[in-house]
Amino acid sequence: MGVTEAFSPVAIEPAARLLLACTLRSPASDARGIEALAGAVADWDAFLVSADQCLAIPFVHRHLPAFDRFLPAAARLRLRQLHTAGTANNLQLAALLTRLHDQWFARRAIRYAAVKGAALAQRFYGDVAARTSRDLDLLVDPAACPATIRYLVDAGFRPCRGFELPADRAKWERYIAAMCDLNREISLRSPAGDLVDVHTSLDLTGGDFPTRHLLSRVETVPIFGKPIPALSTADLFVYLCYHHSRHNWTRLHWVADIGQVTAAPGFDAAAVRAVARRSGMEGLVEECQAMLGLLNAATRGEAPAGRGLAATMARQCLAHLAPGAESPLLAYHHRIDDSGFRWRHWFSLTAEEWRHRRGLVRKLRTVLRSSTPSWESYKALPLPKGLRWLYMPLRTGTHLVRHTPLRRLTRRKGSAAAQPSSDATIAPDTRG
């Protein structure tokens with residue numbers, strides 16, 4: 001969610017060091033190292049809250065034999081309950097994935113790939129329950145996106161996170177087509193409440209990870225006996241570096257992913273470098289790997305120093321292990337109505353995307369990413385595809401009015417009676 005300010009902790013709390021040791025492949029991760037760190041933890045209830053928030057419960061549970069003697073009975077019970085609930089959720093998501101594979105994608109010969117989640121856990125951790133998964137991410141051939149969304153809706157899935165459909169079912173086909181045309185990611189809830197994100201692209205601009213190339217190189221992962229297509233190891237690793245760094249390493253399973261994939265028998269460093277070079281992310285991939293070394297040192301209490309990207313990302317991770325830390329995503333939602341924050345966030349995110357890429361064309365795409373038509377504009381004013389270019393000047397004007405001093409000027413001139421902006425409110429669809 002954008003680069004946070006540099007954070008250099010004076011000391012790293014024992015609980016944070018233990019969480020890192022449980023997560024990383026480090027010398028501190030052996031039984032003796034875990035036991036030594038656990039002996040210094042004072043508040044196990046707070047430790048479990050942090051482990052749960054950082055999605056590290058499977059890693060902590062895996063090392064339970066090494067520190068079980070330090071755990072109060074209530075904390076031990078709570079850890080096992082959290083682990084059981086997480087395992088059940090992972091299994092449910094994996095079962096949903098295999099059903100969609102059998103009943104839709106394979107039956108229709110639709111090209112797709114499972115991204116992260118169950119496929120990553122099974123392939124690189126050895127079990128779908130060994131890494132926390134909160135949703136199901138699917139990369140789908142853009143040409144098949146409208147049919148896929150319609151299939152899911154007809155099967156009882158509810159579009160969510162701003163993707164609601166109008167009450168008039170006769171308009172659904174048109175809305176779904178526009179939804180797929182204007183968005184790179186569409187969220188739905190299954191009848192059981194599972195979150196499914198259907199992607200037609202994995203990056204903000206659509207140019208760094210071309211979907212057709214990713215889907216042409218998929219590899220299969222066996223899940224419950226089904227051959228599930230997943231991103232190739234090289235493609236996945238570069239994407240993980242991109243995705244996890246954008247979210248400031250606020251979750252420890254993202255840190256674990258880098259180490260697990262790097263240590264996999266099929267990891268080909270040369271192939272990863274080639275993919276990173278094609279995506280303009282060679283520097284980012286190198287820094288993500290270097291970050292692991294800094295976090296390993298942090299398990300010994302050595303705070304990462306320096307201005308480099310690896311040190312910055314390591315500090316970001318440690319900052320979010322501190323008690324009461326607020327993730328950038330929550331901060332974004334809490335302050336979204338603050339126009340000053342929105343502008344700072346946009347510039348911060350753009351600067352981060354700019355720094356992570358090599359090549360002028362790629363860098364310029366990051367600056368221009370907000371100049372495209374938006375789904376919010378369509379919901380407010382549903383235009384046919386040939387007229388959607390009008391959303392671009394309308395969107396620019398709307399943002400200028402909402403997030404600059406023009407907002408105060410329009411209010412003084414009687415904006416109390418003005419219509420809300422297209423990006424703020426969903427107006428009713430009055431077209432037939």
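Output the residue which, of all residues in the range 117-151 that are open to solvent by 30 Å² or more (accessible area, probe 1.4 Å), among the basic types (Lys, Arg) and in the same structural domain as PRO58 (by TED's automatic domain parsing), is nearest to GLY86 (Cα to Cα).
ARG134
Does ASP102 meet the test of being surrounded by fewer than 23 Cβ atoms within 10 Å (Cβ to Cβ) and part of a loop (DSSP other than H, G, I, E, B)?
So ASP102 does not fit the description; no.
Would you check which residues across the range 134-158 are in a strand (DSSP E or B) and within 18 Å of the chain's Cα centre (by Cα) and list them?
If the condition is that a residue be in a strand (DSSP E or B) and within 18 Å of the chain's Cα centre (by Cα), then LEU136, ASP137, LEU138, LEU139, VAL140 are the ones that fit.
Go through the residues of the range 232-244 one by one and say whether even a single one is of a type outside the set (Lys, Arg), at pLDDT below 95 and out of contact with any Asp or Glu (no Cβ under 8 Å at 6 or more places or on another chain).
Yes: one or more hits.
Could you check ASP257 against (1) open to solvent by 10 Å² or more (accessible area, probe 1.4 Å); (2) at pLDDT 95 or above; (3) assigned to a helix (DSSP H, G or I) and say which number it fails?
(1)
Out of ALA351, ALA322, ALA303, which single residue is assigned to a loop (DSSP other than H, G, I, E, B) and at pLDDT below 85? Before you say what the answer is, go through the steps one by one.
Numbers: ALA351 fails: assigned to a loop (DSSP other than H, G, I, E, B); ALA303 fails: at pLDDT below 85.
Step by step, each of ALA351, ALA322, ALA303 is checked, and only ALA322 is assigned to a loop (DSSP other than H, G, I, E, B) and at pLDDT below 85.
Name every residue in the range 210-238 that is surrounded by 21 or more Cβ atoms within 10 Å (Cβ to Cβ) and of a type in the set (D, E, K, R), in order of residue number.
ASP235 - this is the single residue of the range 210-238 that is surrounded by 21 or more Cβ atoms within 10 Å (Cβ to Cβ) and of a type in the set (D, E, K, R).
Take ARG131 and tell me if it is part of a helix (DSSP H, G or I) and of a type in the set (D, E, K, R).
No.
Filter the range 174-199 down to residues that are open to solvent by 20 Å² or more (accessible area, probe 1.4 Å) and in contact (Cβ under 8 Å) with a residue 24 or more places away in the chain and give me whichever is nearest to PRO373 (Cα to Cα).
LEU182
Of the residues THR220, THR211, THR200, which single one is hydroxyl-bearing (Ser, Thr, Tyr) and farther than 30 Å from TYR391 by Cα?
Of THR220, THR211, THR200, the one residue that is hydroxyl-bearing (Ser, Thr, Tyr) and farther than 30 Å from TYR391 by Cα is THR220.
The values are calculated or read from the model by the stated rules, or taken from the named source; none is laboratory data. Since the structure is predicted, the reported quantities are computational estimates derived from the model, not experimental observations. When we count neighbours, we look across all protein chains shown, and the Cβ atoms used for this are built from the backbone with ideal geometry, even at glycine. Only protein heavy atoms, including side chains, enter the accessible area calculation; ligands, DNA and RNA are left aside. Shrake-Rupley method; radii C 1.70, N 1.55, O 1.52, S 1.80 Å.
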